[in-house]
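The structure under discussion appears below in the form of structure tokens.
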Amino acid sequence: MEDFRDLERTVTNEEELRAQTRRSREKCLEQLKTLYLWRYGWGVAHNGPVAYEVPVDPKTSWTVDENLQLICDTVLYFTDVTMADELNYYNVVLSAVLSCAHIMNIGHSPIAELVFSALPASEKPTKTNPLTMPSGNIFIYLDAAKESMRSVTTTFLMNMSAKALSH
């Protein structure tokens with residue numbers, strides 16, 4: 001983001017801006033590869049269910065809007081708060097890097113698909129949770145944000161429950 005802002009200040013036309021952003025775009029692609037491989041490794045390291053989908057009860061859930069309409073049909077309950085935090089950090093960083101990559105591409109791009117297709121299929125673990133795995137879908141950044149929103153709620157509720165139990 002800083003690289004792009006610096007370029008915007010110094011470059012006067014879109015063609016030159018596109019040429020100058022190539023290096024930053026390549027940095028984003030490398031960071032995405034690193035993130036995807038980290039997520040695969042995380043899935044392998046935590047082989048087995050680490051989260052469960054639970055239907056939302058609009059009468060008791062915090063995942064409703066001001067009209068008490070469901071924001072998500074389900075929330076994610078993690079077996080361990082540390083794992084929930086790790087995955088939330090991953091999703092935040094993934095969203096930020098994908099956003100930067102789209103900015104550096106200046107418009108619609110197949111960046112997620114390019115990175116995903118470059119990964120070795122042999123490293124992709126079997127899906128054992130309802131959590132979002134890396135993909136080539138152009139909307140993966142939305143999936144990451146949605147997963148974070150669903151997870152933050154359950155992490156918050158788990159922390160509230162732990163505090164209530166300690167009193």
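The values are calculated or read from the model by the stated rules, or taken from the named source; none is laboratory data. Nothing here was measured: the structure is a model prediction, and the numbers come from that model. All Cβ positions, glycine included, derive from the backbone under ideal geometry; neighbour counts span all protein chains shown. Heavy atoms of the whole protein, side chains included, go into the accessibility calculation; ligands, DNA and RNA do not. Shrake-Rupley method; radii C 1.70, N 1.55, O 1.52, S 1.80 Å.
Annotations for the structure displayed:
- For segment 79-108, the candidate set comprises residues that are outside any helix (DSSP H, G or I) and modelled with pLDDT under 85; within that set, the residue that is most open to solvent (accessible area, probe 1.4 Å) is H108.
- Failed criterion for R9 (all others in (1) exposed (fewer than 13 other Cβ atoms within 10 Å of the Cβ); (2) touching a residue at least 40 places away in the same chain (Cβ under 8 Å) hold): (2)
- Any hit, segment 43-51, residues being assigned to a strand (DSSP E or B) and either aliphatic (A, V, I, L, M) or over 22 Å from the mean Cα position of the chain (by Cα) (or both): yes
- Whichever residue in segment 12-64 is among the small types (G, A, S) and either out of contact with any Asp or Glu (no Cβ under 7 Å at 6 or more places or on another chain) or within 21 Å of Y90 (Cβ to Cβ) (or both) and, among such residues, is surrounded by the fewest Cβ atoms within 10 Å (Cβ to Cβ): G48
- Unique residue being aliphatic (A, V, I, L, M) and more than 14 Å from the chain's Cα centre (by Cα) when the list is A112, A121: A121
- The one condition from (1) within 15 Å of the chain's Cα centre (by Cα); (2) in a helix (DSSP H, G or I) that L76 does not meet is (2).
- Per the listing W62, W42, the residue uniquely aromatic (F, W, Y) and within 28 Å of F116 (Cβ to Cβ) is W42.
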